[in-house]
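For reference, the structure is listed below as structure tokens.
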Amino acid sequence: MRVQRVLSPDSMRESWTLLGDDWRPVGPVESFLAYLAAVERSPNTVKAYAHDLKDWWNYLDGRGLDWMTIDLEAMAGFVAWLRLPPAARSGAVSVLPTVGHHCAASSVNRKLAAVSTFYEFHARSGVEVAEVLVTMRPAGRHRSAATSYKPFLQHVASGKPQRTKTIKLKSGLKRPRVLTAVQAQTVLDACEHLRDRLLFALLLDTGVRIGEALGLRHDDIEIAEKQVTVVPRQNDNRARAKSGRTRTIPASAELMRLYSDYLHREYGALDSDYVFVNLFAEPQGHPWAYPAVYDLVRRLRKTTGIIFEPHQYRHTYATWLLRRGAGMENVKELLGHASISTTIDTYGHLTVEDARRTLEHAGWFTGREVRL
């Protein structure tokens with residue numbers, strides 16, 4: 001089986017499908033993914049669903065199970081199967097007790113959510129198995145701090161049972177990996193070209209996603225106002241702004257100066273709307289794409305010895321803002337999160353060092369009324 005990229009013949013919109021061993025689309029999965037594409041879900045979202053359902057279909061095929069007649073026992077088996085290393089999933093290889101789980105609990109839960117959503121979609125066509133995967137729980141029981149933020153008109157549904165997944169693994173909150181100031185500076189200084197330095201400086205200074213950066217046009221950067229605007233649009237390099245709405249982010253004077261230097265010293269008279277383009281490789285002048293950026297990241301990792309990903313700059317931006325007293329609501333708007341719950345779940349954490357700084361600022365360790 002393989003996940004295959006496809007283009008709509010009418011709009012040339014990118015989407016994804018799942019092909020079976022006979023190279024034909026897997027019917028039930030294809031109809032579900034086509035629905036997601038039709039309602040304009042992100043191609044990256046459709047691709048993620050396709051990969052998760054590929055795992056589900058491989059599991060079913062390996063055990064001779066029919067997707068329409070599975071039960072909770074089969075779902076529990078899927079969880080155990082995901083935890084095994086790929087080489088052991090066929091049963092031909094034994095796994096030692098000391099071998100760790102292949103899939104983290106968070107990854108397993110994501111795949112279970114994809115399977116549940118797939119069955120809920122088909123339930124509308126009369127496939128009743130979805131009710132096995134989703135159960136009802138009483139309303140009013142909050143499972144996390146984020147649920148205290150209630151959506152608009154939530155009171156209308158107050159007291160009604162709510163749908164929740166039957167099977168879900170316990171997973172601890174995963175703290176985002178943040179760069180230190182020394183690491184961020186080291187990466188910037190290791191860049192050979194102003195274009196490369198501008199990219200990582202932009203990620204750190206504004207917290208934009210890598211797809212949002214690669215989709216930037218010159219009109220999106222206002223030097224005099226010192227601001228960057230992220231605009232959701234179709235891009236030739238397949239870069240995407242995950243958020244569906246436009247947002248404007250304040251930027252530093254240093255970033256604007258770096259952008260001006262880049263235009264004068266490297267970009268020159270090149271005729272392109274895109275900010276980040278191929279300058280030192282073919283096809284010259286074409287918008288920079290994801291593979292080229294990740295190739296740059298690999299080279300910088302080797303040069304600096306720092307293992308980093310572009311998305312860590314976004315985590316670093318948000319964490320540094322919170323440490324400096326920016327409110328959670330402000331950070332949510334700057335990052336372009338649709339819900340503040342997402343911001344809280346991702347960044348509602350404090351390290352021991354953060355807590356110490358907060359207590360010192362409050363005077364907790366000095367001027368006490370009681371001598372210890």
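The values are calculated or read from the model by the stated rules, or taken from the named source; none is laboratory data. Not measured: the values here are computed from a predicted model. Positions of Cβ are backbone-derived with ideal geometry, glycine not excepted, and every protein chain shown enters the neighbour counts. Side chains are part of the model used for accessible areas, which takes the heavy atoms of the whole protein and leaves out ligands, DNA and RNA. Shrake-Rupley method; radii C 1.70, N 1.55, O 1.52, S 1.80 Å.
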ask   = If the limit is 24 Å between Cα atoms, which of 47/111; 111/242; 47/332 go over it?
value = 47/332
task = Give me the net charge of residue 18's neighbourhood, meaning all other residues with Cβ under 9 Å from the Cβ of residue 18; Lys, Arg count +1, Asp, Glu -1.
result = +1
task = Between residue 76 and residue 120, with labels modelled 7 Å along Cα→Cβ, what's the label distance in nm to one decimal, could you check?
result = 2.4
inquiry  = What whole-number distance in Å separates the alpha-carbon centres of the stretch 258-297 and the stretch 199-253?
reply    = 15
key: Percent carbon-and-sulfur accessible area, the stretch 1-59, ignoring ligands, DNA and RNA, probe 1.4 Å   = 48
task = Using the 2.2 N^0.38 Å rule of thumb for compact globular proteins, work out how the stretch 208-349 stacks up: its C-alpha Rg over that value, please.
result = 1.11
key: Sulfur and carbon atoms: percent of accessible area, the stretch 174-300 [1.4 Å]   = 49
Segment residue 225-residue 326, length gained on full extension (0.36 nm per residue, minus Cα span) = 34.3 nm
